[in-house]
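The structure appears below as structure tokens.
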Amino acid sequence: MKRVLVTGGAGFIGSNLVARMLKERDHYEVVVLDSLSYSANLENLAPFEDDPRYSFIRADVGDDAAVTEAVKGCDGVLHLAAESHVDRSIMDPAPFVASNTVGTQRLLEAWRRGPGADGLPLVYVSTDEVYGSLSLDNPDERFTESSPLEPNSAYSASKAGGDLFARAYHHTFGLNVMTTRCSNNFGPFQFPEKVIPLFVTNLIEGEKVPLYGDGKNVRDWIHVDDHAEGIIATLEKGRPGEVYNLGADNERSNLELTHAILEILGHGEEMIKYVPDRLGHDRRYAIDSSKAASDLGWKAQWSAWPGALESTVAWYKDNEAWWRSVKSGAYRDYYAKQYGGR
Ligand code: NAD
Ligand code: DAU
């Protein structure tokens with residue numbers, strides 16, 4: 001039995017990851033550490049409340065005392081806790097630095113002084129956004145692990161800060177740290193500020209979907225279960241100090257994505273509302289994950305289009321209570337601030 005600390009385990013990817021670790025495997029005991037920020041939802045983890053292999057600690061990754069205590073007795077760490085939304089980082093960058101850069105350094109330090117001293121692994125879950133943006137004119141170009149770090153938003157800059165600390169802790173202290181850089185995730189339990197759950201739930205509510213700019217920006221979509229398996233494969237088979245890109249070769253422009261969602265839900269073009277572009281909007285992401293395939297034996301299996309999108313839309317249709325409770329209170333204030341003037 002391996003005891004693994006999962007930071008950010010009450011968020012979208014974290015809760016799907018915890019579910020895979022507990023339901024699909026019997027050799028993990030999972031300790032979730034999460035500050036329960038706006039995007040966390042303990043309902044996502046409710047099925048495991050009585051599972052003796054699951055426990056929960058409410059704490060901030062930047063809280064030295066709490067994290068030092070939490071890592072005790074762990075055989076590994078999967079570090080996902082982060083501020084995750086680009087638009088919020090445009091409104092207010094400071095919390096991104098605190099959680100994503102400083103928080104990551106604090107966690108690395110606690111691990112170095114704790115079980116990490118014995119060579120046990122920590123996987124830092126970063127993002128493809130640290131590489132910046134690709135052009136639409138060069139469709140064969142994709143991010144590899146040796147692409148330069150050229151983050152363009154406060155979100156990606158703060159994540160890249162974490163990447164650099166992960167690298168430094170390996171180089172200087174010999175810490176067994178690995179970094180994953182995955183593309184855009186979709187699936188159940190995603191907070192409806194991100195484009196897919198936002199557009200799907202807006203349409204179910206009869207609201208238009210706010211498409212930024214010309215809609216030609218491209219994202220490389222991967223199902224969250226594939227990302228979760230990539231993180232587990234990195235923990236189990238990754239080599240210390242290495243970086244692994246994770247992607248599903250599934251590039252779509254935002255217009256293509258929007259049309260696909262409209263079609264699944266039986267709506268027409270008139271439900272699109274073109275709104276002014278996101279500041280500094282990255283044009284295109286595309287991931288080369290051949291290293292993860294050769295070194296980890298990992299390959300995306302659940303991201304096939306349009307089936308994976310259809311089943312995700314079906315999940316939001318079947319789980320209205322989940323997102324209706326999320327789309328209230330503070331969410332409404334955020335929505336008005338973000339889209340009100342557009
Ligand atoms: P999310 O916002 O749904 O979840 C983030 C979780 O982290 C929440 O439960 C939140 O409460 C917790 N958290 C935030 N700050 C914290 C702090 N200081 N201390 C403790 N807990 C804190 O985000 P997500 O989409 O599930 O992303 C998870 C991770 O995966 C992030 O590190 C993100 O950068 C990375 N990632 C996301 C994607 C994507 O497409 N969503 C793709 C690649 C990488
Ligand atoms: O690439 C990985 C990253 O993907 C993760 O690291 C981030 O945590 C995650 O949020 C995601 O970032 P994006 O900015 O790409 O995702 P988002 O869902 O916010 O936007 C996807 C695309 O849709 C982007 O080009 C902007 C556009 N968009 C988004 C929103 C919220 C719209 O056109 N309208 C919208 O209202």
**Request:** Sort through S84, S35, S89 and tell me the only one that's surrounded by 16 or more Cβ atoms within 10 Å (Cβ to Cβ), under 22 Å from I222 (Cβ atoms) and touching a strand residue (DSSP E or B) at 6+ places or on another chain (Cβ under 9 Å).
**Result:** S84
**Request:** Scan region 291-342 residue by residue and report those that are within 14 Å of ligand 2 (Cβ to nearest atom) and open to solvent by less than 70 Å² (accessible area, probe 1.4 Å).
**Result:** S303, L309, T312, K327, Y331, Y334, Y335, A336, Q338, Y339, G340, R342
**Request:** Report, ordered by the first and then the second residue, all pairs with beta carbons closer than 7 Å, sequence separation of six or more or different chains, a first member in region 197-209 that is closer than 11 Å to I261 by Cβ, and a second member that is open to solvent by 10 Å² or more (accessible area, probe 1.4 Å) and of a type in the set (S, T, N, Q).
**Result:** P197/Q190
**Fill in**
For region 221-253, the count of residues that are in contact with a Lys or Arg (Cβ under 7 Å, 6 or more places away or on another chain), among the polar types (S, T, N, Q) and more than 14 Å from ligand 2 (Cβ to nearest atom) equals 0
**Asked** Considering region 108-120 alone, what residues qualify as being out of contact with any helix residue (DSSP H, G or I) (no Cβ under 6 Å at 6 or more places or on another chain) and either among the small types (G, A, S) or within 9 Å of ligand 1 (Cβ to nearest atom) (or both)?
**Response** G116, A117, G119
**Asked** What do you reckon, is A110 among the hydrophobic types (A, V, I, L, M, F, W, C) and under 23 Å from V86 (Cα atoms)?
**Response** no
**Asked** Hey, S328 hits all of (1) within 20 Å of I13 (Cβ to Cβ); (2) outside any helix (DSSP H, G or I) but one; which does it fall short on?
**Response** (1)
**Inter-residue pairs, beta-carbon under 6 Å, first over 17 Å from W323 (Cβ atoms) and among the hydroxyl-bearing types (S, T, Y) and in region 32-53, second modelled with pLDDT of 95 or more and crowded, with 16+ Cβ neighbours inside 10 Å, 6+ apart** = S35/D60
**Fill in**
Okay, helices (runs of 4 or more DSSP H) sitting entirely in region 1-109 with 2 or more residues that are small (G, A, S), under 19 Å from the mean Cα position of the chain (by Cα) and at positive phi, I get none
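The values are calculated or read from the model by the stated rules, or taken from the named source; none is laboratory data. These numbers were taken from a predicted model, which means no experiment stands behind them. Don't worry about glycine lacking a Cβ; one is built from the backbone with ideal geometry, like all the others, and counts go over all protein chains shown. Please note that ligands, DNA and RNA were not included when accessible areas were found on the heavy atoms of the full protein model with its side chains. Shrake-Rupley method; radii C 1.70, N 1.55, O 1.52, S 1.80 Å.
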